[in-house]
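Right, one structure below, let's go through it.
The values are calculated or read from the model by the stated rules, or taken from the named source; none is laboratory data. Note that the structure is predicted; figures quoted are calculated from it, not measured. Neighbour counts run over all protein chains shown; Cβ positions are idealised from the backbone, glycine included.
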Amino acid sequence: MYPIQAEKKLRSWIRSHHLICSGSFYLFETVESSAVDRFSECVEILGGSIISVEPVKKLWIGKHRQVVLFRAKASLHTPEHALRNYWSRYGSFYSRFDERG
């Protein structure tokens, strides 16, 4: 994957509220473990690093099925990265899985 493709993927996650910015970190929430792997790859291509990946809670899908919500915390090592400006225009302070937002 090229850096341009990685940045486009991160921008799509910002618009869909899977990726939020909290302080100097990026938090990615998803129920798919393969999406966490793709997020890790995108961050590393852009020169950042994954700090942690944690299972946050279980969510009910229907009456009989539960899925695990994963939260990945990442840092991009450039302080004024273009993604920060993009997030301020199109992003949110709450992820799509947050009860507050």
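Scanning the range 23-40 for residues that are buried (at least 16 other Cβ atoms within 10 Å of the Cβ) and among the polar types (S, T, N, Q) gives THR30, SER40. Among the residues of the range 2-22, the one identified as aliphatic (A, V, I, L, M), out of contact with any strand residue (DSSP E or B) (no Cβ under 9 Å at 6 or more places or on another chain) and surrounded by 12 or more Cβ atoms within 10 Å (Cβ to Cβ) is ALA6. Within the range 23-56, being in a helix (DSSP H, G or I) and in contact with a strand residue (DSSP E or B) (Cβ under 7 Å, 6 or more places away or on another chain) holds for SER33, VAL36, PHE39, SER40, VAL43.
The residue list SER33, SER49 contains one member that is of a type in the set (S, T, N, Q) and touching a helix residue (DSSP H, G or I) at 6+ places or on another chain (Cβ under 8 Å), which is SER49.
Could you list all residues from the range 57-74 that are part of a strand (DSSP E or B) and either basic (Lys, Arg) or at pLDDT below 90 (or both)?
Of all residues in the range 57-74, those part of a strand (DSSP E or B) come to 57-61, 65-74.
Those that are part of a strand (DSSP E or B) and either basic (Lys, Arg) or at pLDDT below 90 (or both): LYS57, LYS58, LEU59, TRP60, ILE61, ARG65, ARG71, LYS73.
Among the residues of the range 15-40, count how many are farther than 15 Å from SER75 by Cα and aliphatic (A, V, I, L, M). Adding up the residues that qualify gives 2.
Could you tell me which of the residues LYS57, LYS63 is free of Cβ contacts under 8 Å to residues at least 12 places away in the same chain, farther than 21 Å from MET1 by Cβ, of a type in the set (D, E, K, R) and surrounded by fewer than 16 Cβ atoms within 10 Å (Cβ to Cβ)? Let's see the steps before the verdict.
Working: LYS57 fails: free of Cβ contacts under 8 Å to residues at least 12 places away in the same chain.
Exactly one residue qualifies, and that residue is LYS63.
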